[in-house]
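**Student:** Would you mind keeping the following structure in view while I ask a few things?
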Amino acid sequence: NKKTLHHDEMVSRMRTNDQQVVFAAIEGSSCGRSIRGIARYGIMNGAKGSQQRFGEVGLIVEDGFQGRGLGKQMILQLDKFARSRQLDGLIFYVLKDNKGMRGLIENVYPSAETSHDEDQLCYKILFV
(Lines give C-alpha, C1' and ligand atoms only; values in the text may rest on other atoms or scores of the structure.)
Protein backbone atom coordinates (compact mmCIF):
# COMPACT_ATOMS: atom_id res chain seq x y z
CA ASN A 1 0.00 0.00 0.00
CA LYS A 2 1.38 3.34 -1.03
CA LYS A 3 0.85 6.07 1.53
CA THR A 4 -0.49 9.41 0.29
CA LEU A 5 1.96 12.21 0.94
CA HIS A 6 1.30 15.72 2.24
CA HIS A 7 2.47 17.56 -0.85
CA ASP A 8 1.64 21.16 0.03
CA GLU A 9 4.79 21.43 2.12
CA MET A 10 6.91 19.52 -0.39
CA VAL A 11 6.32 21.46 -3.62
CA SER A 12 7.97 24.85 -3.96
CA ARG A 13 8.95 27.09 -6.83
CA MET A 14 12.68 26.93 -7.39
CA ARG A 15 13.30 29.18 -10.34
CA THR A 16 11.39 31.57 -12.54
CA ASN A 17 12.35 33.76 -15.46
CA ASP A 18 10.54 35.10 -18.52
CA GLN A 19 10.82 31.80 -20.38
CA GLN A 20 10.46 29.05 -17.77
CA VAL A 21 9.45 28.07 -14.27
CA VAL A 22 10.68 25.11 -12.25
CA PHE A 23 9.02 23.53 -9.21
CA ALA A 24 10.70 20.91 -7.04
CA ALA A 25 9.24 18.44 -4.56
CA ILE A 26 11.66 18.38 -1.66
CA GLU A 27 11.41 16.02 1.28
CA GLY A 28 13.21 16.43 4.57
CA SER A 29 14.58 19.16 6.79
CA SER A 30 17.47 21.54 6.23
CA CYS A 31 19.83 18.87 7.58
CA GLY A 32 18.87 16.22 5.05
CA ARG A 33 16.82 17.18 2.03
CA SER A 34 16.07 15.10 -1.06
CA ILE A 35 14.45 16.13 -4.32
CA ARG A 36 11.64 13.68 -5.09
CA GLY A 37 10.28 15.33 -8.24
CA ILE A 38 10.79 18.18 -10.71
CA ALA A 39 8.13 19.87 -12.80
CA ARG A 40 8.82 22.65 -15.26
CA TYR A 41 7.49 24.43 -18.25
CA GLY A 42 9.20 26.44 -20.94
CA ILE A 43 7.31 29.07 -22.93
CA MET A 44 6.53 28.20 -26.53
CA ASN A 45 4.52 30.15 -29.06
CA GLY A 46 1.33 28.84 -30.66
CA ALA A 47 0.86 28.33 -34.39
CA LYS A 48 2.65 30.66 -36.78
CA GLY A 49 0.99 34.07 -36.77
CA SER A 50 -0.76 33.34 -33.45
CA GLN A 51 -0.26 35.43 -30.33
CA GLN A 52 -0.88 32.40 -28.11
CA ARG A 53 1.74 31.31 -25.59
CA PHE A 54 1.84 27.85 -24.06
CA GLY A 55 3.88 26.19 -21.35
CA GLU A 56 5.56 23.01 -22.61
CA VAL A 57 5.62 20.78 -19.53
CA GLY A 58 8.24 18.34 -18.33
CA LEU A 59 7.68 16.23 -15.21
CA ILE A 60 9.71 13.59 -13.42
CA VAL A 61 8.93 11.90 -10.12
CA GLU A 62 11.24 9.48 -8.32
CA ASP A 63 10.07 5.88 -8.79
CA GLY A 64 9.27 5.31 -5.11
CA PHE A 65 7.04 8.41 -5.05
CA GLN A 66 5.01 7.66 -8.18
CA GLY A 67 1.33 6.87 -7.78
CA ARG A 68 1.06 8.85 -4.55
CA GLY A 69 -0.30 12.17 -5.82
CA LEU A 70 2.98 14.06 -6.07
CA GLY A 71 2.90 14.42 -9.87
CA LYS A 72 -0.69 15.66 -9.72
CA GLN A 73 0.17 18.27 -7.10
CA MET A 74 3.12 19.48 -9.16
CA ILE A 75 0.99 19.75 -12.32
CA LEU A 76 -1.64 21.71 -10.38
CA GLN A 77 1.06 24.11 -9.15
CA LEU A 78 2.35 24.59 -12.71
CA ASP A 79 -1.20 25.15 -13.94
CA LYS A 80 -1.91 27.77 -11.28
CA PHE A 81 1.35 29.59 -12.01
CA ALA A 82 0.83 29.46 -15.81
CA ARG A 83 -2.63 30.97 -15.42
CA SER A 84 -1.23 33.75 -13.22
CA ARG A 85 1.23 34.54 -16.02
CA GLN A 86 -1.63 34.74 -18.57
CA LEU A 87 -0.47 31.78 -20.65
CA ASP A 88 -3.05 30.34 -23.02
CA GLY A 89 -2.53 26.76 -21.87
CA LEU A 90 -0.14 23.87 -21.30
CA ILE A 91 1.23 21.22 -23.65
CA PHE A 92 2.47 17.77 -22.62
CA TYR A 93 4.38 15.43 -24.95
CA VAL A 94 4.16 11.88 -23.58
CA LEU A 95 5.50 8.59 -24.89
CA LYS A 96 2.63 6.27 -25.80
CA ASP A 97 3.90 3.52 -23.49
CA ASN A 98 4.02 5.86 -20.44
CA LYS A 99 0.65 4.77 -19.07
CA GLY A 100 1.20 6.41 -15.69
CA MET A 101 1.75 9.87 -17.13
CA ARG A 102 -1.05 9.46 -19.65
CA GLY A 103 -3.44 8.48 -16.84
CA LEU A 104 -2.31 11.42 -14.72
CA ILE A 105 -2.91 13.98 -17.48
CA GLU A 106 -6.25 12.44 -18.44
CA ASN A 107 -7.31 12.55 -14.78
CA VAL A 108 -6.34 16.20 -14.27
CA TYR A 109 -7.47 17.35 -17.74
CA PRO A 110 -10.24 15.03 -18.98
CA SER A 111 -11.13 17.39 -21.85
CA ALA A 112 -7.57 17.91 -23.14
CA GLU A 113 -7.09 18.02 -26.91
CA THR A 114 -5.06 14.99 -27.95
CA SER A 115 -3.03 14.29 -31.07
CA HIS A 116 -0.33 11.70 -31.75
CA ASP A 117 2.45 10.52 -34.00
CA GLU A 118 4.22 7.15 -34.12
CA ASP A 119 5.54 7.05 -30.56
CA GLN A 120 4.12 9.97 -28.60
CA LEU A 121 0.92 11.73 -27.65
CA CYS A 122 0.47 15.47 -27.43
CA TYR A 123 -1.98 16.76 -24.83
CA LYS A 124 -2.99 20.39 -25.31
CA ILE A 125 -4.82 22.11 -22.47
CA LEU A 126 -6.46 25.44 -23.32
CA PHE A 127 -7.20 27.86 -20.48
CA VAL A 128 -10.54 29.57 -20.96
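The values are calculated or read from the model by the stated rules, or taken from the named source; none is laboratory data. All values reported here derive from a predicted model rather than from experimental measurement. Methodologically, a virtual Cβ is constructed for each residue, glycine included, from the backbone with ideal geometry; neighbour enumeration extends over all protein chains shown. Surface areas here come from the heavy atoms of the whole protein model, side chains and all, with no ligands, DNA or RNA. Shrake-Rupley method; radii C 1.70, N 1.55, O 1.52, S 1.80 Å.
**Student:** Considering the values [x] 177; [y] 98; [z] 118, which represents volume of the Cα convex hull per residue in Å³ as calculated for the structure under consideration?
**Tutor:** [z]
**Student:** I would also like to ask the following. Based on the Cβ-Cβ distance of N17 and K48, what FRET efficiency does E = 1/(1 + (r/R0)^6) give at R0 = 25 Å, to the nearest 0.05?
**Tutor:** 0.50
**Student:** Ignoring ligands, DNA and RNA, what accessible area per residue does the chain give at 1.4 Å, in Å²?
**Tutor:** Accessible area per residue, the chain: 64 Å².
**Student:** Rounded to a whole number, what % of the accessible area of the chain do carbon and sulfur atoms account for, probe 1.4 Å?
**Tutor:** 46 percent
**Student:** In debye to the nearest 20, how big a dipole does the chain give about its Cα centre with +1 on each Lys and Arg Cβ and -1 on each Asp and Glu Cβ?
**Tutor:** 340 debye
**Student:** With a ≥ b ≥ c the root eigenvalues of the C-alpha gyration tensor of region 23-86, is it rounded (a/c under 1.5), prolate (a/b larger than b/c) or oblate?
**Tutor:** Prolate shape, in that a/c is at least 1.5 and a/b is the bigger ratio.
**Student:** Right, here's the next one. Rank by packing, highest mean first: peptides 109-117, 69-77, with packing defined as the count of other Cβ atoms within 10 Å averaged across residues.
**Tutor:** The most tightly packed comes first, giving 69-77, 109-117.
**Student:** Report the relative contact order of region 30-86, percent, no decimals, based on alpha-carbon pairs under 8 angstrom and at least 6 residues apart.
**Tutor:** Dividing the mean separation by the residue count of region 30-86 yields 33 percent.
**Student:** Using +1 at the Cβ of each Lys and Arg and -1 at the Cβ of each Asp and Glu in the chain, identify which of F92, Y41, G69 lies farthest towards the dipole's positive end.
**Tutor:** G69
**Student:** Output wanted: per-residue J couplings in Hz (rounded whole) for region 42-49, from phi through Karplus 6.51 cos²θ - 1.76 cosθ + 1.60, θ = phi - 60°, x for Gly and Pro.
**Tutor:** For region 42-49, the Karplus-derived couplings read x, 6, 9, 7, x, 4, 3, x Hz, x marking Gly and Pro.
**Student:** Another one. Run the count for the chain, please: Lys pairs, Cα-Cα under 28 angstrom, 8 or more apart or on different chains.
**Tutor:** Lysine pair count for the chain: 20.
**Student:** To continue, here is another question. Find how much the distance from D63 to D97 grows on full extension, using 0.36 nm per residue of separation minus their present alpha carbon separation; answer in nm with one decimal.
**Tutor:** 10.6 nm
**Student:** Would region 62-128 count as rounded, prolate or oblate if I go by the C-alpha gyration tensor, calling it rounded below 1.5 in a/c and otherwise prolate when a/b exceeds b/c, oblate otherwise?
**Tutor:** oblate
**Student:** Which whole-number percent gives the relative contact order of region 32-128, counting Cα pairs below 8 Å spaced six or more residues apart?
**Tutor:** 24 percent
**Student:** Using helices alone, I'd like the mean residue ellipticity at 222 nm for the chain: each DSSP H run of four-plus residues gives -39500 (n - 2.57), total over residue count, nearest 500.
**Tutor:** The helix contribution divided over the chain gives -6000 deg cm²/dmol.
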